[in-house]
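Trainee: Pasting a structure here, questions to come.
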Amino acid sequence: MNVEPLRQAVLALARADAERIAAEAETRAGSMLAEAGAHADELVARARVQAEAAADAEAASERSRARSEARTLVLGARRAVYDELRREAHAGALALRGDPDYPALLDRLAAAAREALGEEAEVVLDPPGLGGVAARAGGRRVDLTLPTLVDRCLNDLGSELAELWA
């Protein structure tokens with residue numbers, strides 16, 4: 001009995017199966033590569049979106065920080081200007097002590113203190129280093145010293161002083 005034709009037939013079937021399996025494997029590999037490529041593209045796109053969002057958030061944070069620093073600088077500069085204005089106004093008010101009309105100013109301030117506290121008020125004219133008038137009666141006090149008067153004037157300027165910054 002000659003088995004050669006059977007062997008040839010089995011080999012042919014085996015080759016056909018091997019070629020079919022190889023073709024299916026190649027198709028599956030191609031499909032898997034395509035899926036992997038699509039997944040990689042999706043991951044890259046997602047990473048790009050996340051990176052852009054992170055960059056946007058970082059930029060927003062940086063802008064906010066810069067605005068805050070600028071505001072701090074502006075407020076510091078305004079405070080320095082106000083403090084200098086206040087120092088100069090105090091110095092100018094204290095310089096009034098050398099003015100020939102200063103005694104008349106003291107009389108008017110003493111009269112205002114007595115009006116506020118009554119005639120029994122103890123009035124101190126031209127307190128050292130302060131000028132103006134300080135008065136008290138019982139537990140009540142009136143401060144009409146030159147630095148206090150300057151500070152009141154500056155406070156009363158309110159919105160007019162704020163216009164300096166506009």
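Rule-based calculations on the coordinates, nothing more; no lab input. What you see is a predicted model; the values in this text were computed from it and never measured. Here the Cβ is made from the backbone with ideal geometry for all residues, glycine too, and neighbour counts use every protein chain on show.
Trainee: At R0 = 22 Å, how high is the FRET efficiency between Glu26 and Arg46 if r is their beta carbon distance? Nearest 0.05 is fine.
Mentor: Rounded to the nearest 0.05, the efficiency is 0.15.
Trainee: Would you please put 88-98, 20-30 in order of how densely packed they are, using the mean number of other Cβ atoms within 10 angstrom per residue and starting with the highest? Provide the component values of the computation, followed by the final result.
Mentor: Values: 88-98: 13.7, 20-30: 10.0.
Per-residue mean Cβ counts within 10 Å order the peptides as 88-98, 20-30.
Trainee: Magnitude of the Cβ-charge dipole of the range 86-166, K/R +1 and D/E -1, about the Cα centre, nearest 20 debye?
Mentor: For this selection, approximately 260 debye.
Trainee: Quick check on packing: order 101-112, 54-65, 136-147 by the mean number of other C-beta atoms within 10 Å, highest mean leading.
Mentor: On the way: 101-112: 14.3, 54-65: 10.0, 136-147: 16.2.
Top of the packing list down: 136-147, 101-112, 54-65.
Trainee: Further, regarding this structure: Using 7 Å Cα-to-Cβ label points, what is the Ala95/Leu157 separation (nm, one decimal)?
Mentor: For Ala95 paired with Leu157, the spin-label model returns 1.6 nm.
Trainee: Per the Debye formula with a single identical scatterer at each Cα and no solvent contribution, what log10 I(q)/I(0) holds for the chain at q = 0.08, 0.14 Å⁻¹?
Mentor: Each listed q corresponds, in turn, to -0.59, -0.93.
Trainee: So if we plug the beta-carbon distance of Ala16 and His39 into 1/(1 + (r/R0)^6) with R0 = 30 Å, what FRET efficiency do we get, rounded to 0.05?
Mentor: 0.30
Trainee: Among Ala54, Leu149, Leu43, flag the residue with its Cα farthest along the positive direction of the charge dipole of the range 36-166, charges on Cβ as +1 for Lys/Arg and -1 for Asp/Glu.
Mentor: So the residue furthest toward the plus end is Leu43.
Trainee: When N is the residue count of the range 99-166, what does its C-alpha Rg come to as a fraction of 2.2 N^0.38 Å?
Mentor: Numbers: Rg = 14.3 Å, N = 68, 2.2 N^0.38 = 10.9 Å.
That works out to 1.31 for the range 99-166.
Trainee: Still on this structure, I have one more. Calculate, for Arg86 and Ala59, the FRET efficiency according to 1/(1 + (r/R0)^6) with r their C-beta to C-beta distance and R0 30 Å; round to the nearest 0.05.
Mentor: Working: r = 40 Å, r/R0 = 1.34.
FRET efficiency, Arg86 to Ala59: 0.15.
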